[in-house]
Amino acid sequence: MTWLVMTGSGETDFERVFNLRPDLHEAFGEFEAQLWRSLDHDLLELCRSRIEKMHGVDVPERSAATPCEIACLAFTEKFAAGVHCISDEDVAAMANHLSPPEIVAMCEALAIFDGMTRFRLLLDVAA
């Protein structure tokens with residue numbers, strides 16, 4: 001159970017905690033929704049679950065099946081481990097499958113997935 005006192009409404013502990021700042025929660029929701037519209041849902045879900053797994057969250061995970069998924073998962077793992085690990089070759093591998101705007105969206109999505117996973121773990125709240 002989280003160490004925060006949750007008085008807000010919401011379906012999950014995470015939503016109740018985030019609703020302590022409804023202004024931030026609403027803006028975050030709009031931004032996150034745009035990311036999910038910007039890229040393939042299955043690809044984003046694959047990368048999100050890999051980040052959660054890397055942070056010790058018990059989530060179902062599947063293996064990469066396509067060359068795009070393989071390149072994006074390799075990038076995801078380096079992103080979550082430390083962005084200094086990402087090389088030009090890693091970006092080039094993704095660029096074989098994603099356009100420049102899609103690469104930007106992927107980086108933003110990974111930052112959100114990583115940050116929100118850490119946020120939930122820090123606050124000890126379920127998604």
- [ ] Within the range 35-45, identify whether any single residue is within 16 Å of Ala127 (Cα to Cα), at pLDDT 85 or above and not aliphatic (A, V, I, L, M), and answer yes or no.
- [x] yes
TODO: State whether one or more residues within the range 40-50 are of a type in the set (Lys, Arg) and either over 21 Å from His25 (Cβ atoms) or touching an Asp or Glu at 6+ places or on another chain (Cβ under 8 Å) (or both).
DONE: yes
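Condition check ((1) out of contact with any Asp or Glu (no Cβ under 6 Å at 6 or more places or on another chain); (2) outside any helix (DSSP H, G or I)) across all residues:
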| position | (1), (2) |
| --- | --- |
| Ala92 | yes, no |
| Ala105 | yes, no |
| Ala109 | yes, no |
| Phe113 | yes, no |
| Thr117 | no, no |
| Ala126 | no, yes |
Open item on the list: I need every pair where a residue in the range 108-127 that is more than 15 Å from Val83 (Cβ to Cβ) and touching a residue at least 60 places away in the same chain (Cβ under 8 Å) has its Cβ under 9 Å from the Cβ of a residue that is among the hydroxyl-bearing types (Ser, Thr, Tyr) and surrounded by fewer than 16 Cβ atoms within 10 Å (Cβ to Cβ), sequence separation at least 6 or different chains.
Closed with: Leu123/Thr2; Asp124/Thr2; Val125/Thr2; Val125/Thr12; Ala126/Thr12; Ala127/Thr12
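Out of curiosity, is Asp23 over 13 Å from the mean Cα position of the chain (by Cα), surrounded by fewer than 18 Cβ atoms within 10 Å (Cβ to Cβ) and either of a type in the set (Gly, Ala, Ser) or in a helix (DSSP H, G or I) (or both)?
yes
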Task: Candidates Val57, Val17 - the one that is in contact with a Lys or Arg (Cβ under 9 Å, 6 or more places away or on another chain), closer than 18 Å to Ala127 by Cβ and part of a loop (DSSP other than H, G, I, E, B) - done: Val57
TODO: Tell me, please, whether a residue that is small (Gly, Ala, Ser), farther than 20 Å from Leu122 by Cβ and part of a helix (DSSP H, G or I) can be found in the range 63-85.
DONE: yes
Task: Condition met for Arg48 (crowded, with 19+ Cβ neighbours inside 10 Å and basic (Lys, Arg)) - done: yes
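Let's see how each residue does on (1) at positive phi; (2) surrounded by fewer than 11 Cβ atoms within 10 Å (Cβ to Cβ); (3) of a type outside the set (Val, Ile, Thr); (4) at pLDDT 95 or above:
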position	(1), (2), (3), (4)
Pro60	no, yes, yes, no
Ala64	no, no, yes, no
Pro67	no, no, yes, yes
Ala71	no, no, yes, yes
Met94	no, no, yes, yes
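The values are calculated or read from the model by the stated rules, or taken from the named source; none is laboratory data. All figures in this text were calculated on a predicted structure; none of them were measured in a lab. Every residue, glycine as well, gets a Cβ built from its backbone with ideal geometry; the counts of neighbours run over all protein chains shown.
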